[in-house]
Amino acid sequence: MSQSQETLSNLLQETRRFDPPAELAEAANVKADAYDEAATDRLGFWERQADRLTWAKRWDTVLDWNNPPFAKWFVGGELNVAYNCVDRHVEAGKGAKIAFHWEGEPEGDTRTLTYADLQREVNKAANALLELGVQKGDRVAIYMPMIPELPISMLACARIGATHSVVFGGFSADALKTRIEDAQAKLVITADGGYRRGKPSSLKPTVDEAAAAADCVEHVLVVRRTGEEVAEHERDVWWHDIVDRQTDQHTAEPHDAEHPLYILYTSGTTGKPKGILHTTGGYLTQVAYTHHAVFDLKPETDVYWCSADIGWVTGHSYIVYGPLANGATSVMYEGTPDTPHRGRWWEIIQKYKVSIFYTAPTAIRTFMKWGDDIPAQFDLSSLRVLGSVGEPINPEAYVWYREHIGANKTPVVDTWWQTETGAIMISPLPGVTAGKPGAAMKPLPGIVADVVDDQAQAVPNGGGGFLVVKEPWPSMLRTIWGDDERYVKTYWSRFDGLYFAGDGAKKDEDGDLWLLGRVDDVMLVSGHNISTTEVESALVSHPKVAESAVVGATDPVTGQAIVAFVIPRGSAGEEVEGEDFIKELRDHVSKTLGPIAKPRQIMIVPELPKTRSGKIMRRLLRDVAENRSIGDVTTLADSTVMDLISEKLPSAKSDE
Ligand code: 6R9
């Protein structure tokens, strides 16, 4: 391929392979034949997956794609999501099975909810919502800590056909208000607060401010969690006053397969947040199938834990809807990974004998930074499948995860998907795929995705380009709430008839897929399009580096030049501040990827700017690299991080 034609360079070569353990492969829920089965008859395949659910009325047509990009799945079908996630398991005699081992952040603060408990609690909450005047089709905003009342509230909404909009508990009053107003929510469910970093962290004052500014809000339903004092307003109702006195009986009405289940706002880096709309039948089908297939869930024996916050799509699909639809036993944890000590997560895995664990690369790299000796103090032998989601997982982070958490035996499934896709789209299957560290491998059975160049032509093996989805899928977003035009423009206009949501990827020599980050972040260095992910992965493959972020900064000679920010591993010692270390890193990248990818400049920093869901915000680092004043920091998880980085600037080094 000539260089001027290249859409995205393929620099990183990775030859390590990890076969599935024989025992897991033997008993796997999904085997290699699923790919052929789905390729032969994709819609028939999804119909068989929909049969995992209990339908009150069977669908007439599996897919209506007559008015693209507006899809309807399982047209004419009716079902109730809460019934599928809770009641049917109780009816099947599994009422005593544990749905959630809930672990509060204060040690010893735990709750156990069986499926029968969950059914009673969801019914009572549903009855309370009805008493508060919430009807089918109304929107309910939920702003809560990670306590059982959060999934209970979501299921209560789903049960009565109200559409929930969960807003992550770290968002400001203004962000909450914007989301409440966009959805015209009439009820907000919240708590006085939750526990974070060893102390109560309040939520209610934020809701008070947002609700006062949003005219649509009629009531605020408040769970008492921390017991801290809160201001009381006329619109407020305590959960224990209204929910506790309801009957625990409620008959779930079936809803149309395309009934709106929830809206989830994507933070986006610019512009008004987009309310991503998910509906009922197709969404539940794909989250249930993927949770079964990708994690090889055996509901009778596995203990599953996804460490995400329910405020993000990962929590919606893989803490609430997928696992519950499958009758899983899950762990749910309220707090931070380092409270009261840096081994807290591993202690939880040891305590509940977690067998399937799903987390994010940002967490994995933090644990690498904290040191191997911490997980080594705990018995993690119950683990059999590890998952990753949220960002590209650098090969070295993958290998660390597999080795230090998975005892060098568990498969690691790197799962690519988005708020918009609703469920996992590209991932290894743990009993089928020989894993390559850093690769998301192949579209799941039933999903048709590819990597194309700027002419929408599939790139050959070895090439890089834009990741697109070519056929509709059951859990796809149906629109942006209230803005069909923006839906079409944002996702379906870059390439005719193809879904494109911003990620770059490459196909290796075997045709397997590697995610390369957002195409907006791609750097153009001397005519080469270089992905930030590959340079970051090269840096993380140096034994003294835990985490890195790379950006392109304007350069008079090369167009853009690579500027890297690096967090050393805890074990790296003192010498990481010196010029020798920086030279060592630049040479290391040059050796790993080629001289074209050698960073012009490397800055050693204590932290990186991240969104509240843990994704690196390269935009702000570009401001630093180009000596501009730093842009909007309101979506940062910790706004002081940029100060920490700026303080470090005098130590920025380049041997040019
Ligand atoms: C589930 C979730 C979506 C964006 C997505 C991509 C990045 C997610 C990834 C990944 C590489 C993976 N992303 N998983 N990149 N490998 N396994 O994270 O949803 O918050 O909407 O983010 O995250 O850039 O486009 P969301």
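The values are calculated or read from the model by the stated rules, or taken from the named source; none is laboratory data. No experiment lies behind these values; they were computed from the predicted model shown. So basically every Cβ, Gly included, is an ideal-geometry build from the backbone, and we count neighbours across all protein chains shown.
For the reader, a short list of remarks on this structure follows.
- A single entry from 263, 310 fulfils the requirement of being within 14 Å of the ligand (Cβ to nearest atom), more than 15 Å from the chain's Cα centre (by Cα), closer than 22 Å to residue 417 by Cα and not polar (S, T, N, Q): 263.
- Lone unmet requirement of (1) away from the ligand (no atom under 15 Å from the Cβ); (2) under 23 Å from residue 36 (Cα atoms); (3) touching a Leu at 6+ places or on another chain (Cβ under 6 Å) for residue 434: (3)
- First in the range 369-396 and over 25 Å from residue 539 (Cα atoms), second anywhere and within 12 Å of the ligand (Cβ to nearest atom) and not in a loop (DSSP other than H, G, I, E, B), Cβ under 8 Å, 6 or more apart: 385/413
- The range 31-80, residues that are among the β-branched types (Val, Ile, Thr) and either over 21 Å from residue 259 (Cβ atoms) or assigned to a strand (DSSP E or B) (or both): 40, 61, 62, 75
- The set of residues in the range 397-409 being free of Cβ contacts under 8 Å to residues at least 60 places away in the same chain and more than 15 Å from the ligand (Cβ to nearest atom) consists of 400, 403, 404, 405, 406, 407, 408.
- Single condition residue 444 does not satisfy, out of (1) surrounded by fewer than 24 Cβ atoms within 10 Å (Cβ to Cβ); (2) within 13 Å of the ligand (Cβ to nearest atom): (1)
- Evaluation of residue 529 against the conditions (1) out of contact with any helix residue (DSSP H, G or I) (no Cβ under 6 Å at 6 or more places or on another chain); (2) not in a strand (DSSP E or B) shows that the sole unmet condition is (2).
- Restricting attention to the range 229-245, the residues being surrounded by 14 or more Cβ atoms within 10 Å (Cβ to Cβ) and among the charged types (D, E, K, R) number 2.
- Among the candidates 555, 521, 496, the residue that is closer than 21 Å to residue 416 by Cβ and of a type in the set (Asp, Glu) is uniquely 521.
- Looking at 427, 355, just one residue is more than 23 Å from residue 549 (Cβ to Cβ), of a type in the set (S, T, N, Q), away from the ligand (no atom under 16 Å from the Cβ) and in the same structural domain as residue 313 (by TED's automatic domain parsing), and that residue is 355.
- Test result for residue 99, surrounded by 16 or more Cβ atoms within 10 Å (Cβ to Cβ), in the same structural domain as residue 259 (by TED's automatic domain parsing) and under 14 Å from residue 148 (Cβ atoms): yes
- Test result for residue 422, surrounded by fewer than 18 Cβ atoms within 10 Å (Cβ to Cβ), within 16 Å of the ligand (Cβ to nearest atom), small (Gly, Ala, Ser) and outside the structural domain of residue 596 (by TED's automatic domain parsing): no
- For the range 74-86, the criterion of a residue being in the same structural domain as residue 497 (by TED's automatic domain parsing), surrounded by 21 or more Cβ atoms within 10 Å (Cβ to Cβ), modelled with pLDDT of 95 or more and in contact with a Cys (Cβ under 9 Å, 6 or more places away or on another chain) is satisfied by at least one position.
- Only one entry in 34, 27 is in contact (Cβ under 8 Å) with a residue 40 or more places away in the chain and more than 27 Å from the chain's Cα centre (by Cα), namely 27.
- Enumeration of residues in the range 448-458 that are more than 14 Å from the ligand (Cβ to nearest atom), under 23 Å from residue 475 (Cα atoms) and of a type outside the set (D, E, K, R): 448, 452
- Number of the exception - residue 434 against (1) surrounded by fewer than 21 Cβ atoms within 10 Å (Cβ to Cβ); (2) under 20 Å from residue 357 (Cβ atoms): (2)
- Selection from the range 162-179 of residues that are closer than 23 Å to residue 633 by Cβ and in contact with a strand residue (DSSP E or B) (Cβ under 7 Å, 6 or more places away or on another chain): 167, 169, 176, 179
- Identity of the residue in the range 488-524, farther than 25 Å from residue 549 by Cβ and hydrophobic (A, V, I, L, M, F, W, C), that ends up farthest from the ligand (Cβ to nearest atom): 488
- For residue 174, the conditions (1) surrounded by fewer than 24 Cβ atoms within 10 Å (Cβ to Cβ); (2) touching a Gly at 6+ places or on another chain (Cβ under 8 Å); (3) over 23 Å from residue 334 (Cα atoms) all hold with the exception of (2).
- In the range 294-314 there is no residue that is surrounded by 19 or more Cβ atoms within 10 Å (Cβ to Cβ) and more than 30 Å from residue 110 (Cα to Cα).
- Of the residues making up the range 274-288, one or more are assigned by TED's automatic domain parsing to the domain that holds residue 48, closer than 21 Å to residue 86 by Cβ, buried (at least 24 other Cβ atoms within 10 Å of the Cβ) and touching a His at 6+ places or on another chain (Cβ under 7 Å).
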